[in-house]
Amino acid sequence: MMNIPTSSLPRVVIIGGGFGGLSLAKKLKNKNFQVVLLDKHNYHTFQPLLYQVATGGLESGSIAYPIRKVVQSRNEVFFRLADVQSIDTQNKKVISDIGTIFYDYLVIATGSKTNFFGNKEIQKNSMAMKTIPQSLDIRSLVLENFEAALLTNDIEERKALMNFVIVGAGPTGVELAGALAEMKKHILPKDYPDLDFSLMQINVVQGASRVLDAMSEKSSQAAEKFLKQLGVTVWLGEIVTNYDGVKVTTKSGNDFISQNVIWTAGVMGADVQGFDTATVMQRGNRMKVNQFNQVEGFSDIFAIGDIATMMTEKTPMGHPMMAQPAIQQGDLLANNLVRLVKGEALKPFVYNDKGSMATIGRNKAVVDLPKFHFNGFFAWFVWMFVHLMSLIGFRNKLVVFSNWLYNYLMFDRQARLIIRPYKNKKKVDKE
């Protein structure tokens, strides 16, 4: 059992401790609700910096923050470490691996997961990068493959161990490619002086006609230029159809040999069982919500952030799957829940687009603001400042800033450690 105290206050159960869930839980402080926050991890992950954990720029602890610390000073807010299995909407209860809990209001803020578009072979053999464990696995695999490259005399095998294919050129793919290119230039040749780094290729494969296709044309062109300056090969209009662990197969027949394939080509909503998928679930596995974030067909169940699709004239495909919509929806929903209890009219959600940005290595970034776009060193500085300020906790801000300063001045990345070998783990999983 979850052992949540009984209360005369209406109970709000929030599933997910991401940007949206935490935003809502914090805003419900002193609002006369009992709040129960459920998540399968006891920490919040700052996902925009996962690629830096994967490439040894940051340790995982600097981009994670304990959920209990966020809610510890808030009365009537309870956190439980739980993996939610399904929702019983008729009886208003959430069923999880640690027991069942009843709700008055339910908020689904489960975020998103990697979308492999149904390709099981690619899912099995490539690397995803949506969680801290996945980022640590990528870091281990990359370093283990360079260690293995030292031991083989087979030039084709060595190329496969040293080659990278990043599928998808959104912000994650572009930032990861830039970080790997910086490693190739400044760090790996010092660590592995007996390897020929002309063999190391970094390929970004993008199905769309340009990189960062959700950003402006100007930023897209600048990002592609920066990638090419760093020695990254960009393949546009190219669809990956299969990956068997060594060979990457594409629709055009332009195949790659690589043992480092990282899939950043798409995300989908991390849905919860218990809803009529025909009426509730939309494109990308997201839940259809109205302008108040109420799930289709329900007045007491809400969805916010990546899992929610709010289709309006301005956003026919829903809002972008980024932190800002989730945070803003969480903030408004806290106030709307108060209105709902009082019988007042709810306020519709209006997204305040603060812009988007991506960094492509040292002194190189692109920034799209609502009214203007810029790139280069100043954009890189803005990117760093915004991400630093967005981290939760003073310690994390301090640790990340000091790491960035060290990396910038010393052309180094200290976290190149194989703490938990990935290849051994994979071997055990197969057995």
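The values are calculated or read from the model by the stated rules, or taken from the named source; none is laboratory data. Keep in mind it's a predicted model, so treat the numbers as computed, not measured. We place every Cβ from the backbone using ideal geometry, glycine too, and count neighbours over all the protein chains shown. SASA here: full protein model, heavy atoms, side chains in, ligands and nucleic acids out. Shrake-Rupley method; radii C 1.70, N 1.55, O 1.52, S 1.80 Å.
If amide H atoms are built 1.01 Å from N in the plane of the peptide, which residues on other chains or at least 5 residues away come under 5 Å of the amide H of Glu76?
When sequence neighbours closer than 5 places are left aside, there are no close amide H contacts.
How tilted is helix 394-410 with respect to the longest principal axis of the chain? Cα atoms for both, answer in degrees (0 to 90, nearest 10).
Roughly 10 degrees between the two axes.
Out of the range 240-327, which trypsin sites (Lys or Arg not before Pro) are coil in DSSP terms and have no more than 15 other C-beta atoms within 10 Å? Walk me through the intermediate numbers first.
Working: sites: Lys247, Lys251, Arg283, Arg286, Lys288, Lys314; in loops: Lys251, Arg283, Lys314.
Counting only loop positions with at most 15 other Cβ atoms within 10 Å, the trypsin sites (Lys or Arg not before Pro) in the range 240-327 are Lys251, Arg283, Lys314.
With angles folded into 0 to 90 degrees, how steeply does helix 132-151 sit against the dominant principal axis of the chain? Use alpha carbons for both and round to 10.
Taking the Cα atoms of the chain, the angle to 132-151 is about 10 degrees.
Leaving ligands, DNA and RNA out of it, report the carbon-plus-sulfur percent of the accessible area of the chain at a 1.4 Å probe. Walk me through the numbers on the way to the answer.
Details: 10430 of 19840 Å².
Of the solvent-accessible surface of the chain, carbon and sulfur hold 53 percent.
Over what distance in Å are the Cα centres of the range 112-126 and the range 248-305 separated?
For the range 112-126 versus the range 248-305, the Cα centre distance is 12 Å.
Stokes-Einstein diffusion coefficient for the range 13-75 at 10 °C in a medium of 1.306 mPa s, Rh from the Kirkwood formula over Cα pairs: what value in µm²/s? Please report the intermediate quantities before stating the final value.
Details: Rh = 12.7 Å.
The estimated diffusion coefficient comes to 125 µm²/s.
Could you give the distance between the Cα centres of the range 336-388 and the range 70-96, to the whole Å?
Distance between centres, Cα-based: 29 Å.
Any idea what log10 I(q)/I(0) is at q = 0.10 Å⁻¹ for the range 241-391, Debye with uniform C-alpha scatterers and no solvent?
Scattering profile of the range 241-391, log10 relative to I(0): -0.54.
What ³J(HN,Hα) values, in whole Hz, does the Karplus curve 6.51 cos²θ - 1.76 cosθ + 1.60 give for the range 33-44 when θ = phi - 60°, with x put for Gly and Pro?
Each residue of the range 33-44 in turn: 10, 9, 10, 10, 9, 10, 7, 7, 10, 9, 9, 8 Hz.
Less than 11 Å from a label point 7 Å out along the Cα-to-Cβ axis of Ala214: which backbone N atoms in the range 258-282 qualify, by residue?
266-268
Remind me, what semi-axes does the range 121-226 give for its equivalent ellipsoid, largest first in whole Å, using sqrt of 5 times each Cα gyration tensor eigenvalue? Don't jump to the answer; show the numbers that get you there.
On the way: eigenvalues 137, 55, 33 Å².
Rounded to whole Å, the semi-axes are 26, 17, 13.
Can you give the extra length, in nm with one decimal, that the chain gains between Lys69 and Ser252 once fully stretched, where that is 0.36 nm per residue apart less the Cα-Cα distance? Mind dumping the intermediate values first?
Details: separation 183, 0.36 × 183 = 65.88 nm, distance 5.06 nm.
Separation in residues times 0.36 nm, less the Cα-Cα distance, equals 60.8 nm.
Report ³J(HN,Hα) in whole Hz for each residue of the range 180-196, in order, from the Karplus equation J = 6.51 cos²θ - 1.76 cosθ + 1.60 where θ = phi - 60°; Gly and Pro get x.
Karplus values, whole Hz, x for Gly and Pro: 5, 5, 5, 4, 4, 6, 10, 10, 4, x, 6, 6, 10, x, 8, 9, 8.
Over the range 40-194, with the other protein chains present, what is the accessible area per residue in square angstrom, probe 1.4 angstrom? It would help to have the intermediate numbers written out before the result.
Values: 6200 Å² over 155 residues.
Per residue, the range 40-194 has 40 Å² of solvent-accessible surface.
So, counting K/R as plus one and D/E as minus one, what does the shell of residues with Cβ under 12 Å around Ser73 add up to?
Numbers: positive: Lys26, Lys29, Arg68, Lys69, Arg74; negative: Glu76.
With Lys, Arg at +1 and Asp, Glu at -1, the net is +4.
What does the accessible area of Thr172 come to, in Å² to the nearest 10, when a probe of 1.4 Å is used?
Per-residue accessible area (Thr172): approximately 60 Å².
Which FRET efficiency value, to the nearest 0.05, is calculated for Arg395 and Asp196 with the Förster distance at 41 angstrom and r the Cβ-Cβ distance?
On the way: r = 41 Å, r/R0 = 1.01.
Efficiency computed from Cβ-Cβ geometry: 0.50.
Measuring with a 1.4 Å probe in the full set of protein chains, what accessible area per residue, in whole Å², belongs to the range 271-429? Don't jump to the answer; show the numbers that get you there.
On the way: 8590 Å² over 159 residues.
For the range 271-429, the per-residue accessible area is 54 Å².
Long-range amide H contacts for Phe302: which residues qualify at under 5 Å (H placed 1.01 Å from N, peptide plane, sequence gap of 5 or more or a different chain)?
Leu106, Val107, Ile108, Val295
Using the Cα centre of the chain as origin and beta-carbon charges of +1 (Lys, Arg) and -1 (Asp, Glu), tell me which of Pro193, Pro5, Ile132 is placed farthest towards the positive end of the dipole.
Pro5
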